[in-house]
Amino acid sequence: MTHPKRKALDALADQVLAARAEFDARLTGKRSRFPDEELHTLFEAVQKYCAAMAGLDWLHRDVARAISGLREFLQLEKFKSPGEALALADRMECMLFAGYDPYFEGAEPPLFEDDEWDVDNDFGMYEGFCAACDDPGRVDDLGLCQDCGDKLERDLLRQRDWAYSATAYGLSEEQRERARREIVKQFGKDLELIAAPKDAERRKRRKRRKPSVN
């Protein structure tokens, strides 16, 4: 069933996407300072979007992609992001996926009750065992902990799987390649989580299928 305010919600989602695109353009373009103004515009757009989406059990997929992994993206050395920018990124991800602002002053955030996490309202995160390292704790919708999720994101960039990378969202081809080079520079070129293709085995299978010559 279509939400009665769907058009208004879609418009707010578009504002978030436009603000993220403008921020990325200023961040990765030629600049003499960090684009604080554009980041605050993005933060305000996310605030309005989250306020309008309160009580709903769904999110716009493009908005989730635009905000997921934002802090990790800003932590890339080349951006020289100030601490305030990282804090704003944390707040945006927490508001969008956890439903509360960690800088909220006053009563306890709505998702906490009796020191327990309300799993039903924790968008995309829940308690469990990581599917990769098997450690207990909070995992995302892929069943990965924060550390393994970061490894997966770096692997996606290494392999140029732009369609599945949160970091690559909204970036031009040139900007994506720059982000990939930065990952390789900081963390190396070897895959950390995704299994490397077994090219040799595939070649052997193709060779076996090749008809013999009498």
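The values are calculated or read from the model by the stated rules, or taken from the named source; none is laboratory data. Being a predicted model, the structure only gives us computed values, none of them experimental. So basically every Cβ, Gly included, is an ideal-geometry build from the backbone, and we count neighbours across all protein chains shown.
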Hey, residue 84 closer than 16 Å to residue 168 by Cα, at pLDDT 85 or above and among the acidic types (Asp, Glu) or not: no
Test: residue 132 is without any contact (Cβ under 8 Å) to a residue 60 or more places away in the chain and not hydroxyl-bearing (Ser, Thr, Tyr): no
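For the stretch 179-193, what are the residues that are surrounded by 15 or more Cβ atoms within 10 Å (Cβ to Cβ) and not aromatic (Phe, Trp, Tyr)?
Start the filter on the stretch 179-193 by keeping residues that are surrounded by 15 or more Cβ atoms within 10 Å (Cβ to Cβ), which leaves 179-180, 182-183, 187, 191-193.
Answer for the stretch 179-193, where residues must be surrounded by 15 or more Cβ atoms within 10 Å (Cβ to Cβ) and not aromatic (Phe, Trp, Tyr): 179, 180, 182, 183, 191, 192, 193.
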Segments classed as helices (runs of 4 or more DSSP H), wholly inside the stretch 14-110, with at least 1 members that are without any contact (Cβ under 8 Å) to a residue 24 or more places away in the chain and surrounded by 15 or more Cβ atoms within 10 Å (Cβ to Cβ): 36-53, 70-74, 83-97
